[in-house]
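The values are calculated or read from the model by the stated rules, or taken from the named source; none is laboratory data. Keep in mind the model is a prediction, meaning the values are calculated, not measured. Positions of Cβ are backbone-derived with ideal geometry, glycine not excepted, and every protein chain shown enters the neighbour counts.
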């Protein structure tokens with residue numbers, strides 16, 4: 001009985017802690033999002049973060065997309081050839097990228113490249129008391145540091161996803177048409193006939209949610225790095241905030257992808 005009571009106690013405390021933390025994240029994120037639209041608008045800050053989150057992520061997103069498309073073309077060809085359906089390769093590659101792989105892999109790449117940097121940057125500002133200095137100067141640190149990053153991430157992710165889809169389809173073309181000999185007319189005809197508005201719409205709606213999750217959780221973990229774990233302060237707290245934000249965002253992106261797919265399918 002003692003073991004059962006102890007187990008239930010740990011489970012209950014863990015559940016309460018998780019729910020409390022989710023509540024804090026939700027309040028923090030919603031407050032920061034509302035501050036995007038309050039005067040004065042931080043347009044210059046948003047543009048700076050658009051460059052950092054969006055433009056500087058194009059290379060890694062494009063490389064990932066190209067080889068993902070090539071793998072899809074290769075695997076799809078050998079799978080479809082067993083049923084004599086090589087002509088469906090274009091449809092298979094395009095739908096796989098546009099509906100699922102494009103949004104998810106783009107979000108994971110941006111998380112690793114930009115999300116971790118956001119958490120580390122804000123965490124470093126917290127331990128060096130720069131955030132406290134902003135408070136002292138009567139500058140809202142949430143509006144100055146968090147709101148522009150959330151706005152930039154929400155704007156950037158759909159464009160990065162579109163780039164991922166186009167480059168991935170090109171990779172599938174290289175693999176399936178040029179290397180394996182699929183008829184190019186059939187390849188593109190399959191894409192034209194199978195990809196509809198709902199597929200494109202769903203593939204561009206998901207990144208809006210993923211961008212919000214990436215920026216808000218990265219900022220929250222960095223903003224509160226000194227309170228993430230008792231006794232952990234300084235550079236160790238920044239390291240914990242950075243690694244934990246990447247792991248948490250990656251898991252949430254995958255879970256959220258399933259939920260959104262269930263509604264959009």
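Details
- Selection over the range 221-230 of residues that are crowded, with 18+ Cβ neighbours inside 10 Å and assigned to a helix (DSSP H, G or I) gives a count of 4.
- Assessment of the range 155-162 against the conditions (farther than 30 Å from residue 32 by Cα, touching a residue at least 40 places away in the same chain (Cβ under 8 Å), part of a helix (DSSP H, G or I) and touching a helix residue (DSSP H, G or I) at 6+ places or on another chain (Cβ under 9 Å)) yields no matching residue.
Table: residues versus (1) exposed (fewer than 15 other Cβ atoms within 10 Å of the Cβ); (2) touching a strand residue (DSSP E or B) at 6+ places or on another chain (Cβ under 8 Å); (3) part of a helix (DSSP H, G or I).
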{"residue": "198", "(1), (2), (3)": "yes, no, yes"}
{"residue": "203", "(1), (2), (3)": "no, no, yes"}
{"residue": "206", "(1), (2), (3)": "no, no, yes"}
{"residue": "219", "(1), (2), (3)": "no, no, yes"}
{"residue": "232", "(1), (2), (3)": "no, no, no"}
{"residue": "237", "(1), (2), (3)": "no, no, yes"}
{"residue": "244", "(1), (2), (3)": "no, no, yes"}
{"residue": "249", "(1), (2), (3)": "no, no, yes"}
{"residue": "263", "(1), (2), (3)": "yes, no, yes"}
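- Wholly enclosed helices (runs of 4 or more DSSP H) of the range 40-136 bearing at least 1 residues within 15 Å of the chain's Cα centre (by Cα) and under 30 Å from residue 174 (Cβ atoms): 43-53, 58-81, 102-110
Residue-by-condition table, conditions (1) closer than 12 Å to residue 151 by Cα; (2) modelled with pLDDT of 90 or more; (3) surrounded by 15 or more Cβ atoms within 10 Å (Cβ to Cβ):
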{"site": "43", "(1), (2), (3)": "yes, no, no"}
{"site": "55", "(1), (2), (3)": "no, yes, no"}
{"site": "58", "(1), (2), (3)": "no, yes, yes"}
{"site": "62", "(1), (2), (3)": "no, yes, yes"}
{"site": "65", "(1), (2), (3)": "no, yes, yes"}
{"site": "72", "(1), (2), (3)": "no, yes, yes"}
{"site": "75", "(1), (2), (3)": "no, yes, no"}
{"site": "88", "(1), (2), (3)": "no, no, yes"}
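- Evaluation of residue 112 against (1) in contact with a helix residue (DSSP H, G or I) (Cβ under 6 Å, 6 or more places away or on another chain); (2) modelled with pLDDT of 90 or more (one fails), failing number: (1)
- Restricted to the range 167-193, and to residues there that are under 29 Å from residue 209 (Cα atoms) and either surrounded by 24 or more Cβ atoms within 10 Å (Cβ to Cβ) or touching a residue at least 40 places away in the same chain (Cβ under 8 Å) (or both), the residue that is farthest from the chain's Cα centre (by Cα) is 193.
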